[in-house]
Amino acid sequence: MNDFDYVIIGGGCAGLSLAYKLEISNNLKDKTLAIIEPRKQYKRDKTWSFWKVFNHNFEDCVIKSWNNFTINTSEGSRELINKKFPYQSIDSGKFYEKINLKLSKNPNVNFFKNLSEINSENSLIFNSVFEGELDKSRLWQHFQGIEIEIPKDTFDDGILNLMDFKCDQRNNVHFFYTLPFSKNKALIETTWLSNLNDQSLMDYDLQLENYIKNNLGIKNYEINFKEKGAIPLFHPSFKNDDKTINIGSAGGLTRLSTGYTFLNIQEHTEYIVKNINKIKKIKTFNLGKKYQFLDKVFLRVLEKHPEKMPKIFFNMFKTSSNTIIKFLSNKSNVYEDINIISRMPKLVFIKALFN
Ligand SMILES: Cc1cc2nc3c(=O)[nH]c(=O)nc-3n(C[C@H](O)[C@H](O)[C@H](O)COP(=O)(O)OP(=O)(O)OC[C@H]3O[C@@H](n4cnc5c(N)ncnc54)[C@H](O)[C@@H]3O)c2cc1C
């Protein structure tokens, strides 16, 4: 059986980002890498969006960037503009294609379907796969999106709609998200923050159909692409031994209050590759104790008072666009944190602190 210097378990976003960075930094010239990935073929399966608060390696996979975004609640609408940190969407199909093409040129990189096909005893292992089943009774962000194409130019493709709470909440937190890729093409998602046991929230097709017809006023459309997902808004326990580094969602890289993970994965990747020769000896990368604490309190409020959330989100977005973007992208300073925290309903948050 073959031995490898590095093994990546899971060739998804985190696994392939790491393999790509190792390759372009010339770390795989005289080292071998095995990627364990069970999928039969790579195709577009997700759209990764985020505020670009630092440069990344996948600018050529960006479908579109926006400088303007809106949030809508029954209290009103607010538009924010930011030229410094555009919001970007990445086509996962292009991302997989770019990376796999690059890796295919290096004979030191090999794909396997199962870890049992190789000898990983002496390898440094990067794991992006959750251990066991995750708890469905905890809080998740679950959603379904469709990319629709319409015959007439209708969308304002200069503005994305980050959260539209003007929809049925069913005693949970629910919003729609619209990314207009062009004047006649948009990704529209229905998103819930709830546990995963309540099947009644998962009539996503019907939710999307009604929203597109009644809220967007669109009758005729074709569906180009569909994506569906559930992101745990908790960090499950990690595999921990002296030769495994956990990466991606399974490595705690999801920002729990938002579900954003893509750019955190890129930052972690940079950290790993920069320190590859001492990675097991140095501090484990994390998103910062400050955000872990604030998100924990925020999610407690969300679970206890889902009905308050549209207003809470709306108030958060009343700050400057720089402040809210940096806060949600884990790049805020203490003044920006205070600015956001001061907009929260005090009593509810103080109570959540002691729960
Ligand atoms: C539909 C969807 C949309 C998302 N949109 C956004 C977004 O807009 N912005 C954002 O920041 N985040 C988003 N996320 C969250 C996060 O960025 C993604 O889930 C991202 O793909 C996480 O990367 P990962 O490598 O941890 O997991 P994955 O990309 O899921 O990779 C894990 C890989 O492991 C493989 N695998 C599974 N079981 C095994 C096994 N037993 N052995 C080996 N390999 C295995 C899988 O096939 C997969 O390729 C989204 C998530 C989903 C599901």
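The values are calculated or read from the model by the stated rules, or taken from the named source; none is laboratory data. Because the structure is a prediction, the values reported are computed rather than measured. Backbone-built Cβ (ideal geometry, glycine too); neighbour counts: all protein chains shown.
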Inset, instruction - Give the range 1-48 a look and list any residue that's polar (S, T, N, Q) and either part of a strand (DSSP E or B) or closer than 25 Å to N122 by Cβ (or both), or say none. - result: N2, S17, S25, N26, N27, T32, T47
Legend entry - Which listed residue is surrounded by fewer than 20 Cβ atoms within 10 Å (Cβ to Cβ) and among the aliphatic types (A, V, I, L, M), from I118, I99, I71, I90: I118
Inset, instruction - Only residues in the range 28-39 that are closer than 13 Å to S104 by Cα and within 16 Å of the ligand (Cβ to nearest atom) count as the first member; pair them with residues that are part of a strand (DSSP E or B) and at pLDDT 95 or above, Cβ under 6 angstrom, at least 6 apart or cross-chain, and list the lot. - result: L33/Y6; L33/V109; A34/V7; A34/N110; A34/F112; I35/I8; I35/F111
Inset, instruction - State which residue is nearest to the chain's Cα centre (by Cα) when the search covers only the range 1-60 and only residues that are farther than 28 Å from G229 by Cα and of a type in the set (V, I, T). - result: I24
Inset, instruction - Of all residues in the range 85-99, count the ones that are more than 11 Å from the ligand (Cβ to nearest atom) and β-branched (V, I, T). - result: 1
Inset, instruction - Taking S332 as meeting all but one of (1) of a type in the set (G, A, S); (2) buried (at least 19 other Cβ atoms within 10 Å of the Cβ); (3) out of contact with any Ser or Thr (no Cβ under 9 Å at 6 or more places or on another chain), write down the number of the exception. - result: (3)
Inset, instruction - Any chance you could count how many residues in the range 168-184 are under 17 Å from S77 (Cα atoms) and either assigned by TED's automatic domain parsing to the domain that holds G259 or surrounded by 18 or more Cβ atoms within 10 Å (Cβ to Cβ) (or both)? - result: 5
Legend entry - Looking only at the range 228-271, and only at residues there that are assigned to a helix (DSSP H, G or I) and more than 12 Å from the ligand (Cβ to nearest atom), the one that is surrounded by the fewest Cβ atoms within 10 Å (Cβ to Cβ): Y271
Inset, instruction - Of all residues in the range 1-27, count the ones that are among the charged types (D, E, K, R) and within 16 Å of the ligand (Cβ to nearest atom). - result: 1
Inset, instruction - Identify all residues within the range 40-62 that are among the hydrophobic types (A, V, I, L, M, F, W, C), within 11 Å of the ligand (Cβ to nearest atom) and over 21 Å from F317 (Cα atoms); write none if there are none. - result: W48
Inset, instruction - Say whether the condition of being of a type outside the set (S, T, Y) and within 30 Å of F155 (Cα to Cα) is met by at least one residue in the range 34-41. - result: no
Legend entry - helices (runs of 4 or more DSSP H) fully within the range 291-355 counting 1 or more residues that are touching a residue at least 60 places away in the same chain (Cβ under 8 Å) and aliphatic (A, V, I, L, M): 309-316, 321-328
Inset, instruction - Considering only residues that are of a type in the set (A, V, I, L, M) and in a helix (DSSP H, G or I), look in the range 185-223 and name the one that is surrounded by the fewest Cβ atoms within 10 Å (Cβ to Cβ). - result: L206
